[in-house]
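See structure below.
The values are calculated or read from the model by the stated rules, or taken from the named source; none is laboratory data. Keep in mind it's a predicted model, so treat the numbers as computed, not measured. A quick note on method: Cβ atoms are made from the backbone with ideal geometry, for glycine too, and the neighbour counts reach across all protein chains shown. Remember, those area values only see protein heavy atoms, side chains included, never the ligands or the DNA or RNA. Shrake-Rupley method; radii C 1.70, N 1.55, O 1.52, S 1.80 Å.
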Amino acid sequence: MTSAPLLPGRPLRLVGGIVAATVTAAATFLIALTLSATPATAAGTGTGYLRTNGNRIVDATGATVRLTGINWFGMETDNRTFHGLWANPPATWRGQIDRMAELGFNTLRIPYSGDALRPGATATSINTWTNPDLVGLSPLEILDRVIEYAGSKGMRVILDRHRPTAAGQTPLWYTPTVSEASMIADWRMLAQRYAGNTTVIGADLFNEPHADGTDPNGTGACWGCGDPARDWRLAAERIGNAILEVNPNWLIFVEGVSCLSGGNPNAWDGVPDPWQNCDWWGGNLSQAIAQPVRLNVPNRLVYAPHDYAISVYDRQPWFNDPNFPNNLPAVWDHFWGNIAKQNVAPILLGEFGSTLANPLDVQWLTTLVNYLTANGMSFTYWSWNPNSGDTGGIALDDWYSINQQKYAILQPHLVPPTGQPTSQPTTSSPTSTSTSTPTSTPTSTPTNPPGGCTATYSIVNQYPGGFQAEVTVRAGATAITRWTVGWTFANGQTITQLWNGDLTSNGASITVRNLSYNGSLGPNATTTFGFLGTWNNATNAIPTLTCTT
């Protein structure tokens, strides 16, 4: 998917009620799910690098991990970095990641294009007041910081080769000016850059390979056709194995195609095409069981299809089935679900979303997330960004407030990022050219009393005349329903902007109370608020905090 409207699906021809009858009939032949002993489930995103075990993703201890994440795009566009870095507080780059984690998204899928990786690439549209610590950084250096901070929240990161260049999506993974070899070189560079950093768990090799041209003379991406120039299955093997040579710890995420042949149905030949032939761009993995991707390192393959709603493209035939939405599980089974149901490999639905402008899309989304959860499948929702022309976002136009209708459907299916992937800062990144000096100096905190709370203050960024700080509030051994944090600045500091709290100040005396959505905390649970402030460039001492309930 992109930030501008497109039609990811392709119209499929049908005669009368053939499609409805076919899908409805298919639903009657679903194999019943056999329940067995439930394997251990890791908290949040688990620990260490991730692996696969049958249809499960597991952590370094073998515990099952379910990735329930979100896409944050922009690095694949002409901006060459994350969209929304132009927003105002509290939607700083850290504030947006804080918000994602607080909402329960445990994984970031980050689209990029090759243009963002080139020497001299420049990140644009950054609000220098909101994000002064990003000024002068390259797109890769900004990516380094996002990865490191997401890891500190317990989140995981999947990198997505979204386009060969910022110019737009292409049917094939290469173009006349961007070769497969160039793509592999980019991937190997990233795999080496983040080697040893367990926040980054893998590579989504290429976004939405799809058909081009008309059958029988299609020129787009096929699956299993045997043509090395068009067979996405063979290309995924070449690219995935090249990555694993330099970083064997990564998972390899492989999307499907749209039409197996690599060509769009011929609407003029008078021959009806069955609904099973074509799916969304990247969504057709119907031959992956018979013709799987073969990687040289075992337990690394995850299939990552896409699926979209009526408001994105309303001519998928299954939307017209009179049994909608009950017919949808049979459609998903056919195109990608059986891969997991038959214990072949895990499924991560890499993109799915809607504006929900069409009321039927509410049924589609509700049915889809129920299907994913019932079958233990992972996902990354499209998208965080409110400026996705196809779907809108979870975030609203201020990049911080939330679309409550969408979130209410997703929230019961999210696994919060309570685990710690033990992220390490990237050691191979170039020295920053920014003049800002990020620091992190948290105070020590006492043991939490039952029913009480503690607060930890840290300076996350400091620069001439200003700084950004974060306060983490932690409940005690029992749940709390409200909190108040107070302190006194000793060196003339002032707060200019605060988020995630209600601020009262009287000279140097500061009081921050919870808002309606972050006052209730379970035992030992945490929430954060942050602020921008001024200082005198001489002393910016850490104050002593009190936390009361």
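Structural remarks
- Failed item in (1) surrounded by fewer than 20 Cβ atoms within 10 Å (Cβ to Cβ); (2) closer than 13 Å to Ala455 by Cβ; (3) of a type outside the set (Lys, Arg), with Ile480 passing the rest: (1)
- Flag for Ala167 being modelled with pLDDT under 95 and either more than 24 Å from Gly501 (Cβ to Cβ) or surrounded by fewer than 24 Cβ atoms within 10 Å (Cβ to Cβ) (or both): yes
- Inside the stretch 195-247, residues that are open to solvent by less than 20 Å² (accessible area, probe 1.4 Å), closer than 14 Å to Val257 by Cα, hydrophobic (A, V, I, L, M, F, W, C) and not in a loop (DSSP other than H, G, I, E, B) make up a count of 4.
- For beta carbons closer than 7 Å, sequence separation of 6+ or different chains, a first residue in the stretch 457-471 that is closer than 18 Å to Gly501 by Cα and among the β-branched types (Val, Ile, Thr) and a second that is in a strand (DSSP E or B) and modelled with pLDDT under 90, the qualifying pairs are Ile459/Phe467; Ile459/Ala469; Val460/Gln468; Val460/Ala469; Val460/Glu470; Val471/Thr528; Val471/Phe529.
- Candidates Gly218, Gly226, filtered to the one that is more than 26 Å from the chain's Cα centre (by Cα) and at pLDDT 95 or above: Gly226
- Only one entry in Asn461, Asn506, Asn448, Asn537 is of a type in the set (S, T, N, Q) and modelled with pLDDT of 90 or more, namely Asn506.
- Cβ-Cβ contacts under 8 Å between residues 6 or more apart (or on different chains), taken from a first residue in the stretch 527-549 that is open to solvent by 70 Å² or more (accessible area, probe 1.4 Å) to a second residue that is aromatic (Phe, Trp, Tyr), are listed as Thr544/Trp487; Thr546/Trp487; Thr548/Trp483.
- Counting only residues that are crowded, with 23+ Cβ neighbours inside 10 Å and either without any contact (Cβ under 8 Å) to a residue 40 or more places away in the chain or β-branched (Val, Ile, Thr) (or both), the stretch 338-376 holds 2 of them.
- Some residue of the stretch 352-363 being within 22 Å of the chain's Cα centre (by Cα) and within 27 Å of Cys222 (Cβ to Cβ): yes
- Scanning the stretch 256-269 for residues that are in a loop (DSSP other than H, G, I, E, B) and touching a Pro at 6+ places or on another chain (Cβ under 6 Å) returns a single hit, Gly256.
- Residues in the stretch 340-384 that are of a type in the set (Gly, Ala, Ser), closer than 24 Å to Arg156 by Cβ and part of a loop (DSSP other than H, G, I, E, B): 5 in all.
- So Pro298, is it over 23 Å from the mean Cα position of the chain (by Cα), modelled with pLDDT of 95 or more, under 19 Å from Tyr381 (Cα atoms) and not β-branched (Val, Ile, Thr): no
- Residue in the stretch 270-293 that is within 22 Å of the chain's Cα centre (by Cα), buried (at least 17 other Cβ atoms within 10 Å of the Cβ) and outside any loop (DSSP other than H, G, I, E, B) present: yes
- Sole residue being open to solvent by 10 Å² or more (accessible area, probe 1.4 Å) and either over 24 Å from Val471 (Cβ atoms) or touching a residue at least 40 places away in the same chain (Cβ under 8 Å) (or both), chosen from Leu117, Leu50, Leu85: Leu117
- Among the candidates Ile147, Ile110, Ile126, residue that is within 19 Å of the chain's Cα centre (by Cα) and either without any contact (Cβ under 8 Å) to a residue 60 or more places away in the chain or more than 26 Å from Gln192 (Cβ to Cβ) (or both): Ile110
- Residue in the stretch 307-326 that is open to solvent by 30 Å² or more (accessible area, probe 1.4 Å) and under 23 Å from the mean Cα position of the chain (by Cα) present: yes
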